[in-house]
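See structure below.
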Amino acid sequence: MNLKDRIDRTEAGNILGVNGRTAARFVDYGLIASVKNGHKVTFSKEDVELLKIKLDIRNALTDNIKEISVLSSVGCPVSGMIDRFNLKNICPKYDIPAETKLQYALDIYSVQRDRRAFAKYDVPLNVRPTLLLPGEVTARLKLVDGHVVRDLIIGGDLDVHEQKYIGKDGLEKQKDFVFIDSLRMFLGEHYCSSPLYKSDEAAKINKVSIEHIDRIANDQHKGLKLKRSKQGIYLFSMKDIQEMNKFKVVVYNGRTKVFPK
């Protein structure tokens, strides 16, 4: 072991932008290895610098990491995620492939979700790989809040693992986790592993109004209209968007009609 390549937790914290205690805590999380020599704990500088890269990429994807995690778990092609979330341009200061950036972000997020959700509620290890957090389902369905997901669970559209736990008040409570397979069934084969777009995103891509997108979707039976959504939310695959671009909305004899272009 070359001591010149070893740094203490204060130095590690400075590189990572955290305090020394947090740097040491990353060892408990399994994100980095350390060596203890007496009372002194040291880290490989190279390992710390790599962890810094991983954390930066993960943080840059904060708005999308939950959706990316779900897409990864249902088998979405890596190329599809790279294009959908513009991963090639994430953290451009790091000259590494987009595929590596994706894996780095998922590595960090996997540890975070395990500690903050599964471990917190003591979810059995053998069940964890089959589950999604409610917030991940909310992100996958492009929703602002989780009330629609809660309605889908209550309505039986999504199956859940009901995890019992004791709250801070000493009373038994329940935390629901959604089974991945039930989300697969809800979305269907066409949408399960495809990146999805909302009406406003589809409208921007096709350079038309949101009203036109929704009218074409309704007339041509394109897209997935979310159940139990009062707003009538549509979700589209890129294939849907491309096919809808073959139609136009016009006013004919005082009525709005959809015609092929």
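The values are calculated or read from the model by the stated rules, or taken from the named source; none is laboratory data. All values derive from a computational prediction rather than experimental measurement. All Cβ positions, even for glycine, are placed from backbone atoms using ideal geometry, and neighbour counts span all protein chains on display.
Can you run down the residue pairs with Cβ atoms below 6 Å, 6 or more apart or on separate chains, where the first is in segment 97-114 and within 14 Å of residue 77 (Cα to Cα) and the partner is part of a helix (DSSP H, G or I)?
Within 6 Å, the pairs are 98/82; 98/87; 98/88; 99/78; 102/87.
Every residue in segment 242-254 that is under 29 Å from the mean Cα position of the chain (by Cα), touching a residue at least 24 places away in the same chain (Cβ under 8 Å) and surrounded by fewer than 20 Cβ atoms within 10 Å (Cβ to Cβ), please.
245
Going through segment 209-241 one residue at a time, which ones are touching a residue at least 40 places away in the same chain (Cβ under 8 Å), more than 15 Å from residue 141 (Cβ to Cβ) and of a type in the set (Val, Ile, Thr)?
216, 241 - these are the residues of segment 209-241 that are touching a residue at least 40 places away in the same chain (Cβ under 8 Å), more than 15 Å from residue 141 (Cβ to Cβ) and of a type in the set (Val, Ile, Thr).
Checking residue 116 against (1) over 19 Å from residue 198 (Cα atoms); (2) modelled with pLDDT of 95 or more; (3) of a type outside the set (Asp, Glu), which single condition isn't satisfied?
(2)
Residues that are of a type in the set (A, V, I, L, M) and either closer than 30 Å to residue 124 by Cα or in contact with a Lys or Arg (Cβ under 8 Å, 6 or more places away or on another chain) (or both), at least 1 per element: which helices (runs of 4 or more DSSP H) completely within segment 147-261 meet that?
Passing ranges, in order: 147-154, 180-192, 210-220, 238-244.
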